[in-house]
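Undergrad: My questions will all concern the structure given below.
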Amino acid sequence: MPVPADPTVLHPMPEQPRVVLLRPLVTSPLIEVGEYSYYDDPDDPTAFETRNVLYHYGPEKLIIGRFCALGTGVRFIMNGANHRMDGPSTFPFPTMGGSWSDHFDLLTGLPGRGDTVVGNDVWFGHGATVMPGVRIGHGAIIGTRAVVTMDVPDYGIVGGNPARLIRTRYSEEDVARLLAVAWWDWPAEHITDHVRTIMSGSIADLEAAAPDAPQTAPQTAPDAPHA
């Protein structure tokens with residue numbers, strides 16, 4: 001019997017400790033990660049929450065879907081990085097202590113962009129940066145060192161600083177078909193049976209492999225004529 005990969009193992013590739021699954025790693029209630037999404041870093045991938053999710057003081061969340069691949073140095077800048085810009089200085093005096101902390105009200109209520117949300121099956125290239133409140137669609141590809149300041153559509157490919165849409169991986173009609181199939185929501189056992197189709201099949205193959213796809217009745221030979 002085919003056996004699915006274990007989504008609870010921290011290091012899915014024991015010979016490569018640089019790779020960690022994020023779901024069993026993260027502890028912050030402000031970070032949600034779907035099964036099988038991983039981060040790759042030769043230094044210390046287990047420090048993802050502190051080295052790769054920055055200025056995360058809440059209440060906004062970082063939400064990452066299932067089956068996402070995060071290259072080394074991918075960083076999420078959260079709303080806590082915001083500074084006042086409506087006065088002569090942007091310096092956050094109240095955070096430095098002393099009597100300056102009496103003015104902490106000057107830092108409350110700063111505008112925020114809400115949760116940062118990453119869909120399923122998103123591939124992040126080396127050193128990509130995602131700014132606060134961005135929403136990245138399913139199946140998107142984020143280029144190396146891209147700085148994502150705006151939402152990315154489903155199956156979009158973006159790159160540059162600031163990141164721009166280079167192209168979409170599929171037509172609008174085919175994107176709708178892929179979203180309807182939503183293979184990332186299939187049971188792990190069913191995914192296991194259809195890994196080759198998910199990785200290299202056509203959209204039609206994927207649709208035919210879906211758990212709720214109509215099954216073609218087997219053909220039977222016609223009855224022989226009576227003598």
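The values are calculated or read from the model by the stated rules, or taken from the named source; none is laboratory data. These figures come from a predicted structure and were not determined experimentally. Here Cβ is always computed from backbone atoms with ideal geometry, including for glycine, and neighbour counts include all displayed protein chains. Just so you know, the surface numbers come from the protein's heavy atoms only, side chains and all, with ligands and any DNA or RNA stripped out. Shrake-Rupley method; radii C 1.70, N 1.55, O 1.52, S 1.80 Å.
Undergrad: Around G34, which amide H atoms from residues at least 5 apart in sequence, or from another chain, sit under 5 Å from its own amide H, with H modelled in the peptide plane?
TA: I64, G65, R66
Undergrad: Then there is this: Could you report the chain's accessible area per residue, 1.4 Å probe, as an integer in Å²? Numbers along the way, then the final one.
TA: Values: 13400 Å² over 227 residues.
I get 59 Å² per residue for the chain.
Undergrad: Also, I was wondering about something else. List, in order, the whole-Hz ³J(HN,Hα) value for each residue of the stretch 25-42 obtained from phi through the Karplus relation with A = 6.51, B = -1.76, C = 1.60 and θ = phi - 60°; use x for Gly and Pro.
TA: 8, 6, 10, 5, x, 8, 10, 10, 10, x, 4, 6, 5, 10, 10, 10, 8, x
Undergrad: With r as the distance between the Cβ atoms of E32 and S171 and R0 = 30 Å, compute the FRET efficiency 1/(1 + (r/R0)^6) and round to 0.05.
TA: After rounding to 0.05, the efficiency reads 0.45.
Undergrad: Please list the non-local residues whose amide H lies under 5 Å from the amide H of V53, H modeled 1.01 Å from N, same-chain partners needing a gap of 5 or more.
TA: Amide H to amide H, under 5 Å and 5 or more residues apart or across chains, V53 pairs with F76.
Undergrad: When a/c reaches 1.5 or more, the comparison of a/b and b/c decides; with that in mind, is the stretch 17-59 rounded, prolate or oblate per its Cα gyration tensor?
TA: oblate
Undergrad: Given the chain, report the % of alpha carbon pairs whose separation exceeds 25 Å. Let's see the in-between values first.
TA: Values: 13189 of 25651 pairs.
Beyond 25 Å sits 51 percent of the P(r) for the chain.
Undergrad: I'd like the carbon and sulfur percentage of the solvent accessible area for the chain, probe radius 1.4 Å, heavy atoms only, ligands and nucleic acids excluded.
TA: Answer for the chain is 56 percent, counting heavy atoms of protein chains only.
Undergrad: State the answer as a single residue: which of P7, N82, H194 lies farthest towards the positive end of the charge dipole of the chain, with beta carbon charges of +1 for Lys and Arg and -1 for Asp and Glu, about the Cα centre.
TA: Result: N82, furthest along the dipole toward the positive end.
Undergrad: What distance in nm separates the two pseudo spin-label positions at H103 and A81, each 7 Å out from Cα along the beta-carbon direction?
TA: Here the answer is 2.5 nm between the modelled labels.
Undergrad: As an exercise, use a Förster radius of 35 Å and the Cβ-Cβ distance of E207 and Q16 to find the FRET efficiency, rounded to the nearest 0.05.
TA: For E207 and Q16, the calculated efficiency is 0.55.
Undergrad: Can you give me the angle between helix 172-181 and the longest principal axis of the chain, using Cα atoms only, in degrees from 0 to 90, rounded to the nearest 10?
TA: Computed tilt is about 80 degrees.
Undergrad: Compute, for the stretch 67-215, the length of the dipole vector about the Cα centre, with Cβ point charges of +1 (Lys, Arg) and -1 (Asp, Glu) only. Units Debye, rounded to 20.
TA: Roughly 720 debye, rounded to the nearest 20.
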